[in-house]
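K.L.:
Pasting a structure here, questions to come.
The values are calculated or read from the model by the stated rules, or taken from the named source; none is laboratory data. As the structure is a computational prediction, the values presented were derived from the model and not from experiment. Glycine gets a Cβ as well: all are built from the backbone with ideal geometry, and neighbour counts include every protein chain shown. All accessible areas refer to the heavy atoms of the entire protein, side chains included, with ligands and DNA or RNA removed. Shrake-Rupley method; radii C 1.70, N 1.55, O 1.52, S 1.80 Å.
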Amino acid sequence: MKTLLILFMLLFSALAFAQNEDSCCLCAADLSDISTSKECARWLKENRKECSYQKQLPHYMSYAYSLDENVRCESMKVFAAYHGLSRTYYHTFFLIQDLIENYDPKEVSFDGSTCLIFNNVEKVQNSAKRLSKLFPQIYFDLSGNQNLGAVFYVPLIIRPKETLSMSSKMTVKAKNGHVETSFGACSKPKGKCFFADTDVGATNDSNTKFCMQENELTTQICCPKKTFVNGVNGFWSKPGQGCGK
């Protein structure tokens, strides 16, 4: 009886100190790039009114971050500001799973100015399906770039922010093993993009994206430029066409 009483008291104590939040905002930065911490700071500041709890994490692949174990979140909004390759998509899903196991949300959204982590479309879909089966009570809304992303940044003047015209968003929404996939609008032909000379772990073309043009799914290619122009080495093809057409 005494043992049961102690266990009950410990359980009651844990529940009593739990910090329940309506909306939590977390941002994962990259330890190798100080500008990503500044990007997280900007994002957290922009979302401070929407979030009852905020936290910035170091690099998602380091596993060195600490979490507030007593905090519980009704909804969890995660922003990623880190570099990536096609093969590193699974690190993002490990991060999301880790955060879920700690904060116990009912809704999870993810987005960020990442590179290539959603390039392997089928693998991302399968990872989202696995996660939604593992946590069937959670609604997932996860977005990432299929190609290289771009961030606009003017030191001491403008904090880092993703350049949407150069992004290539893919979104997976999942619940209880059911996954729906959507893609962002195609970019303006001849618009700027970053051409990926190298990538690791790509099953899709690292410079081709799926996108929507006049409500139709098509593809668009980031074509290489012969010379760099203002630091940019690529331009978008016309939707559904190859480079040089």
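K.L.:
Looking only at strands (runs of 3 or more DSSP E) that fall completely inside the range 139-245, which ones have 3 or more residues that are of a type in the set (Val, Ile, Thr)?
P.N.:
Fully inside the range 139-245 and qualifying: 216-229.
K.L.:
Which condition number in (1) open to solvent by 80 Å² or more (accessible area, probe 1.4 Å); (2) in contact (Cβ under 8 Å) with a residue 40 or more places away in the chain is the one that Gly112 fails?
P.N.:
(1)
K.L.:
Out of the range 5-50, which residues are open to solvent by less than 30 Å² (accessible area, probe 1.4 Å), part of a helix (DSSP H, G or I) and modelled with pLDDT under 90?
P.N.:
Across the range 5-50, the qualifying residue is only Ser35.
K.L.:
So, Ser182, is that one at pLDDT below 95, surrounded by fewer than 20 Cβ atoms within 10 Å (Cβ to Cβ) and among the hydroxyl-bearing types (Ser, Thr, Tyr) or not?
P.N.:
Answer is no for this residue.
K.L.:
Please count how many residues of the range 85-109 are in a strand (DSSP E or B), surrounded by fewer than 21 Cβ atoms within 10 Å (Cβ to Cβ) and not polar (S, T, N, Q).
P.N.:
1
K.L.:
Same structure again: In the list Asn176, Asn204, which residue meets the criterion of being closer than 30 Å to Leu134 by Cα, open to solvent by 70 Å² or more (accessible area, probe 1.4 Å), over 17 Å from the mean Cα position of the chain (by Cα) and of a type outside the set (A, V, I, L, M)?
P.N.:
Checking each option against the conditions leaves just Asn176.
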